[in-house]
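Colleague: So that we are looking at the same thing, I have put the structure below in structure tokens.
The values are calculated or read from the model by the stated rules, or taken from the named source; none is laboratory data. In this text the structure is predicted, and so the values were computed from the model without any measurement. All Cβ positions, even for glycine, are placed from backbone atoms using ideal geometry, and neighbour counts span all protein chains on display.
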Amino acid sequence: MNPSPAPNFALMSSVDISNFDGTFFTRSSSISEFSFTKTVYEDMITFLNGRGMSSGKDLSSQLLTSSNFGTDWNVGIDKNDKVEISSTHDFKIKFNSSSSIVGNTDVFGIGTSFVNTTGGATIGNPLLSYKVTSLNEWKRGEVISFSYNIEEIGGSSASFVFNFTGGAQDLIVACRSRGNADIDDSSECLESVDITKHPGNDIRWYINNDGKVVCSYITVSNITWNSSAFRNRLGFTGEETVETVNFYSVITASNYCPGVLVPSRPYQNNHLSVENASQSRRSIGGSYVSNYIGTYITSNISFDVDARLDQIDLYRHFTNNFISYISSGERINFYQVLGDSRRSLIEASANAEQPAHDLVYTSSRNGYEGRIRGSLINSNFNLQYPTRLRKRVPVTIRIDHL
């Protein structure tokens, strides 16, 4: 369960790239409209990285590559929503707080003291005989880097340092290997196309905690934008400066990503309404007959849009680069916890086949965490300031669940 009782949230529209033509951008090779067979994506996360890492870059693969003992490793989320690291060999692990890598954070929630294995794996490969379960909650949000010390217990007493750099959307995406074919997998995305055009290179595309698109890469050339329309759709201006972070080149969009809204404050209200759609007729005898159509659940969300005098200014982003992408009836995703990209699940839907928590679903707070997949059903917004100060504006949106 996310430890914050009032976490920040995000809203994202679907992404349609069918209106862009020609070459989008160039490194040593070009990315164009013909690089994609798919044109409509669930949201910007799906479009950028397909909710997974490229082959060999997911955490389980990187841990195996880093290790000097153990023939198989797995990193994932167990049914209690804790990080589980498992191996073929007995081991212990702790957060390497002395690491000098930039952005080093205890993403797993392990702590600075060694944690020993307890029993065998419960997720991933059940043949892995040893596992460590995190003591604390894992970090929600963008992952920049982390470092852990891992030592073998018994045997040769081997040890190694497991470093992750280059960035990722969140821990869930970092654990997932793109192309796994589950319901959230999108094997074709901007990141996969970019890597296919530049084989052998490590390239990452994701949205950071501010709602801006980030591209990090190593060894491959910098981006030259050929389509200003496509560039603008990602929030880039063409005047960004490439930075170096942990040997990766990193470029961050200057503007908030169109179709993505990340307010600076938690929502104020999030409640459900239910419509039981049916048609009824009275029979001659006085009783009624009913033709049941369906039950439809709606999330009603109230929050403040930041304006010019607030922490950030999202007022014109909302009017020009967010709500303009979501007409009434259009797809929208509501991330109830910023940095947890899994689908929302109610507790009653957890069973032997579907754990309460995994890399696709979370039932934390009985469905009040994870993302709500839906369609926007109101489209008119009066963005009137409640006071004379242009600080923030209250907004209520309604999302019909899919």
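Colleague: From the list Asp202, Asp194, exactly one residue is surrounded by fewer than 22 Cβ atoms within 10 Å (Cβ to Cβ) and of a type in the set (Asp, Glu). Which is it?
Modeller: None of the other options fit; the residue is Asp202.
Colleague: Check Ser35, Ser66, Ser4 and return the single one that is among the small types (Gly, Ala, Ser) and crowded, with 17+ Cβ neighbours inside 10 Å.
Modeller: Step by step, each of Ser35, Ser66, Ser4 is checked, and only Ser35 is among the small types (Gly, Ala, Ser) and crowded, with 17+ Cβ neighbours inside 10 Å.
Colleague: Could you say which residue among Ser375, Ser328, Ser344 is crowded, with 21+ Cβ neighbours inside 10 Å and among the small types (Gly, Ala, Ser)?
Modeller: Sole residue among the options that is crowded, with 21+ Cβ neighbours inside 10 Å and among the small types (Gly, Ala, Ser): Ser344.
Colleague: Within region 218-239, track down each residue that is under 26 Å from Ser341 (Cβ atoms) and surrounded by fewer than 17 Cβ atoms within 10 Å (Cβ to Cβ).
Modeller: Ile218, Asn232
Colleague: Let me confirm something: among Val102, Val132, Val115, Val161, which residue is surrounded by 20 or more Cβ atoms within 10 Å (Cβ to Cβ) and of a type in the set (A, V, I, L, M)?
Modeller: None of the other options fit; the residue is Val132.
Colleague: What residue, among those in region 207-222 that are in a loop (DSSP other than H, G, I, E, B) and within 24 Å of the chain's Cα centre (by Cα), is farthest from Val395 (Cα to Cα)?
Modeller: Only one residue tops the list, namely Asn208.
Colleague: Taking the options Asn321, Asn380, name whichever one is over 18 Å from Pro263 (Cβ atoms) and either outside the structural domain of Ser18 (by TED's automatic domain parsing) or buried (at least 17 other Cβ atoms within 10 Å of the Cβ) (or both).
Modeller: Asn380
Colleague: State yes or no: is Phe24 in contact with a Pro (Cβ under 7 Å, 6 or more places away or on another chain), over 30 Å from Phe162 (Cβ atoms) and buried (at least 19 other Cβ atoms within 10 Å of the Cβ)? Outline the logic, then answer.
Modeller: Values: in contact with a Pro (Cβ under 7 Å, 6 or more places away or on another chain): no; over 30 Å from Phe162 (Cβ atoms): yes; buried (at least 19 other Cβ atoms within 10 Å of the Cβ): yes.
The answer is no for Phe24.
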